[in-house]
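Trainee: Structure incoming, see below.
The values are calculated or read from the model by the stated rules, or taken from the named source; none is laboratory data. If you're wondering where the values come from, they're calculated on a predicted model, not measured in any experiment. Ideal geometry is used to build each Cβ from the backbone, glycine not excepted, and the neighbour counts take in all protein chains shown.
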Amino acid sequence: MAQRLQQISKQLAHDNQPRDPSRIDGQVVLITGGAQGIGRAAATLLASKGGKIVLADVDETKANEVIKELRLAGHEATCVVGDALDEAFPAKAVEAALKAFGKVNCLINNAGFCYDSAIHKMSDEKWDMIMKIHNYVPFRMIRALSAHWMDPQTADMLKTVINVSSTSGLHGQMGQINYSTAKSGILGLTKTVAAEWARYV
């Protein structure tokens, strides 16, 4: 308890000048599926708030476009290109972020897509694909960060995981039994990570 109080004190022991609470100056944000849609919007917003951005995306052209835009705006950003479904990709993405900026403060698990079908027409292939991108990938990305975040040297470092779910995971959606199930699973994953890793953040 005393150690935790010390950590909190250090985080609060900045100057007493009013600060913009939305600023994340110097924090490194790793975003999967960061080259378009929600991921791209998050990258643009967080870069404008002082974040250093690492995009992880399968589309090299779009990823480079975003990186170019961010750099032209004066922000620090880089990308790692690859298929998130590749079992080796999470470690590759984390390694690239650490090589570029020396740390990862925030992971945004955003990569995903839909593969819709009515229940009676849903193939195992469609089911498995959605489970993998929406459940396996976030789990593997979080696991890939474990050594870095559990390192005693990062004990005082700010750390955040953001897992993108969907209202489909809360309420269900016709034609999306695979997607709804996977997005519901993200909620359980998030709660479990919070419970298990609270001591490290």
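Trainee: Based on this model, can you work out whether A111 counts as small (G, A, S), within 23 Å of T190 (Cα to Cα), at pLDDT 95 or above and surrounded by fewer than 24 Cβ atoms within 10 Å (Cβ to Cβ)? Give the steps one after another, and end with the answer.
Mentor: Working: small (G, A, S): yes; within 23 Å of T190 (Cα to Cα): yes; at pLDDT 95 or above: yes; surrounded by fewer than 24 Cβ atoms within 10 Å (Cβ to Cβ): no.
The answer is no for A111.
Trainee: Out of the stretch 53-95, which residues are part of a loop (DSSP other than H, G, I, E, B), among the charged types (D, E, K, R) and under 21 Å from P138 (Cβ atoms)? Step through it out loud before you land on a result.
Mentor: At the first step, the residues of the stretch 53-95 found to be part of a loop (DSSP other than H, G, I, E, B) are 58-59, 73-76, 82-88.
This time we only want the ones that are among the charged types (D, E, K, R), so: 59, 76, 83, 86-87.
Scanning the stretch 53-95 gives D59, D83, D86, E87.
Trainee: Just the residues that are part of a helix (DSSP H, G or I) and under 24 Å from L45 (Cβ atoms), please, taken from the stretch 96-105. Steps first, please.
Mentor: Narrowing the stretch 96-105 to residues part of a helix (DSSP H, G or I): 96-101.
Within the stretch 96-105, A96, A97, L98, A100, F101 meet the criteria.
Trainee: Looking at the stretch 153-161, is at least one residue out of contact with any helix residue (DSSP H, G or I) (no Cβ under 6 Å at 6 or more places or on another chain), surrounded by 13 or more Cβ atoms within 10 Å (Cβ to Cβ) and either of a type in the set (D, E) or farther than 20 Å from L107 by Cβ (or both)?
Mentor: no
Trainee: Please tell me if S123 is in contact (Cβ under 8 Å) with a residue 40 or more places away in the chain and either closer than 26 Å to V201 by Cβ or hydroxyl-bearing (S, T, Y) (or both). Before the answer, list the steps.
Mentor: On the way: in contact (Cβ under 8 Å) with a residue 40 or more places away in the chain: no; either closer than 26 Å to V201 by Cβ or hydroxyl-bearing (S, T, Y) (or both): yes.
No; evaluated as a whole, the condition is false for this residue.
Trainee: So which helices (runs of 4 or more DSSP H) are wholly in the stretch 106-201 and hold at least 2 residues that are of a type in the set (D, E, K, R)? Walk me through it before giving the result.
Mentor: On the way: elements: 124-131, 137-150, 167-171, 177-197.
The helices (runs of 4 or more DSSP H) meeting that bar are 124-131, 137-150, 177-197.
Trainee: Name every residue in the stretch 57-84 that is surrounded by 14 or more Cβ atoms within 10 Å (Cβ to Cβ) and farther than 16 Å from A35 by Cβ, in order of residue number.
Mentor: E76
Trainee: To continue, here is another question. Mind listing whichever residues of the stretch 145-184 are over 22 Å from A88 (Cα atoms) and under 16 Å from the mean Cα position of the chain (by Cα)?
Mentor: Filtering the stretch 145-184 down to residues over 22 Å from A88 (Cα atoms) leaves 152-160, 165-181, 183-184.
Hits for the stretch 145-184 are L158, K159, T160, S165, S166, K183.
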